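Visitor: Okay, handing you the structure first.
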Amino acid sequence: MSRKVTKAIFPVAGLGTRFLPATKSVPKEIMTLVDRPLVQYAIDEARAAGITEFIFVTSRGKSALEDYFDHSPVLEQELRKKGKDALLGTLKETNMDSGAIAYIRQHQALGLGHAVWCARRLIGDEPFAVILPDDVIAAEKPCLQQMLEAYEETGGNMVAAMEVAPEKASAYGVLDVNRDLGGVSGMVVEAKGMVEKPKLGEAPSNLAVIGRYVLSPSVLKNLDNTQKGAGGEIQLTDAISADIRQGKPVYGYRFRGERFDCGSKAGFLQATVAFALARDELRDELQDYLRGIAQQTKAAE
Ligand code: G1P
């Protein structure tokens, strides 16, 4: 099977209840880190990795997401008239080619595995990527690009992996590590199993799955029969794990970069600060502000 990956699935059907009341009318994926919606970071990462077909698994109430990817001729014309070329450029970067983007509805909230399965007909019989926009990864080389370069050598299935503290493991899918493959720049491990949200103290390792996947179509077949798992949901982890049982390899890729859990408020705020500090026009002012707060806190101790 070819190892060229051109399609990516973005599961964005979640209700985002942790961010209520904001998410009452704004999809979580449209919430902004500095001035870019979460979903834009995901798209940029996918593009950098060579993805050309973007499949969004959505749900009711996500129309703002579809609007976001539309061209906006009126706005563009206005900016052109006013000579605001930089803004015009920024806006154009967000435009998607006609036909490059597809939306499919997940009619029932049955879990991540089910969301991915909803896109099966658009994937067909080729390897594909999955990006969870909640997991934002700041990296010199975008995470999915790192993974696809490694995948060229390994094939199989690959998930992004990161070490987490043992008491945090139950919030993730966790790899049961067979061996370290040092080979591909020392970043790859081979898994002999995967467990979704293990109970405290029962995680097979401290290597957690982060929301980037390169999967073979067999995982979609497995999802045809995957029963409800952790949290009563159909889990992607279980369908990938079924591939291991069928003798197909699953690799964990220890990416280089910093991951922010933008599904949580604390993670979202940390990402906001980190991405703002990375911007030339914001750095100094924000740094001064943060220093001021740190000093006040120290003085109060
Ligand atoms: C999902 C996956 C889990 C993975 C996590 C990474 O869980 O099911 O395996 O470790 O994303 O963010 P969720 O955070 O949606 O509960």
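The values are calculated or read from the model by the stated rules, or taken from the named source; none is laboratory data. As the structure is a prediction and not an experimental result, all values here were calculated from the model. Backbone-built Cβ (ideal geometry, glycine too); neighbour counts: all protein chains shown. When the accessible area is computed, the model is the full protein with side chains, heavy atoms only, and any ligands, DNA or RNA have been set aside. Shrake-Rupley method; radii C 1.70, N 1.55, O 1.52, S 1.80 Å.
Visitor: Only four residue types carry charge here, +1 at the Cβ of Lys and Arg and -1 at the Cβ of Asp and Glu. Report the dipole size of the stretch 79-204 about the Cα centre in Debye, rounded to the nearest 20.
Guide: Numbers: 14 positive and 18 negative charges, 174 e Å.
Magnitude of the dipole: close to 840 debye.
Visitor: Using only Cα atoms, find the angle between the long axis of helix 38-48 and the longest principal axis of the chain, and express it within 0 to 90 degrees, rounded to the nearest 10.
Guide: Relative to the chain, helix 38-48 is tipped by roughly 70 degrees.
Visitor: Give me the angle, in degrees from 0 to 90, between the Cα long axis of helix 236-245 and the longest principal axis of the Cα atoms of the chain, rounded to the nearest 10.
Guide: 30 degrees
Visitor: What's the magnitude of the charge dipole for the stretch 174-301 around its Cα centre, counting Lys and Arg as +1 and Asp and Glu as -1 at the beta-carbon? Answer in Debye, nearest 20.
Guide: Value, rounded to 20: 340 debye.
Visitor: In addition: Heads up, I need the accessible area for MET194: 1.4 angstrom probe, whole protein in place, Å², nearest 10.
Guide: Approximately 10 Å² of MET194 is accessible to the 1.4 Å probe.
Visitor: So which residue, out of ASP238, ASP125, ASP135, gets the largest mean-square fluctuation from a GNM of the chain using Cα contacts under 10 Å as springs?
Guide: Top of the fluctuation ranking is ASP125.
Visitor: Still on this structure, please answer the following. Taking the chain as a Gaussian network, where each spring joins two C-alpha atoms under 10 Å apart, which residue of PRO249, PRO166, PRO73 fluctuates the most?
Guide: Among PRO249, PRO166, PRO73, the largest mean-square fluctuation in the Gaussian network model of the chain belongs to PRO73.
Visitor: Any chance you could give the angle, 0 to 90 degrees and rounded to 10, that helix 143-154 forms with the longest Cα principal axis of the chain?
Guide: Helix 143-154 sits roughly 30 degrees off the main axis of the chain.
Visitor: Can you tell me which lysines have their Cα less than 29 Å from the Cα of LYS248? Leave out same-chain residues fewer than eight positions away.
Guide: LYS4, LYS7, LYS141, LYS168, LYS192, LYS197, LYS199, LYS221, LYS228
Visitor: Next question. Can you give the charge dipole size of the chain about its Cα centre, rounded to the nearest 20 debye, using +1 on the beta carbon of Lys and Arg and -1 on the beta carbon of Asp and Glu?
Guide: The calculation lands at about 580 debye.
Visitor: Per residue of the stretch 18-33, what does 6.51 cos²θ - 1.76 cosθ + 1.60 with θ = phi - 60° give for ³J(HN,Hα)? Whole Hz please, x for Gly and Pro, Karplus curve as stated.
Guide: So the Karplus estimates, Gly and Pro as x, are 5, 10, 5, x, 3, 7, 4, 10, 10, x, 3, 5, 8, 5, 9, 9 Hz.
Visitor: Counting Lys and Arg as +1 and Asp and Glu as -1, what is the net charge of the other residues whose Cβ lies under 11 Å from the Cβ of SER218?
Guide: Charge balance in the 11 Å sphere: -1.
Visitor: Counting each DSSP H run of 4 or more residues in the chain as -39500 (n - 2.57), what helix-only mean residue ellipticity at 222 nm follows after dividing by all residues, to the nearest 500 deg cm²/dmol?
Guide: After summing the helix terms and dividing by the residues of the chain, the value is -10500 deg cm²/dmol.
Visitor: Any idea which of GLY193, GLN145, GLY232 is furthest toward the positive side of the dipole for the stretch 118-267, if Lys and Arg beta-carbons carry +1 and Asp and Glu beta-carbons -1?
Guide: GLY232
Visitor: What is the packing order of peptides 3-14, 102-113, taking the mean over residues of other C-beta atoms within 10 Å and listing the highest first?
Guide: Final packing ranking: 3-14, 102-113.
Visitor: Just to confirm my numbers, what's the Cα centroid distance between the stretch 230-301 and the stretch 74-127 in Å?
Guide: 23 Å
Visitor: Find out how many positive minus negative residues lie around THR58, taking Lys and Arg as positive, Asp and Glu as negative, among other residues whose Cβ is under 14 Å from that of THR58.
Guide: Cβ neighbours under 14 Å give a net charge of +1.
Visitor: Right, next: With a cut-off of 8 Å between alpha carbons and a minimum separation of six or more residues, what is the relative contact order of the stretch 177-289 in percent? Kindly include the intermediate steps, with their values, before the conclusion.
Guide: Values: 102 pairs, mean separation 26.5, N = 113.
Relative contact order for the stretch 177-289 comes out at 23 percent.
Visitor: Say we join alpha carbon atoms closer than 10 Å with springs in a Gaussian network model of the chain; which of LYS81, LYS197, LYS24 then has the biggest fluctuation?
Guide: LYS81
Visitor: Please compute the per residue accessible area over the chain with all protein chains in place, 1.4 Å probe, rounded to a whole number of Å².
Guide: 51 Å²
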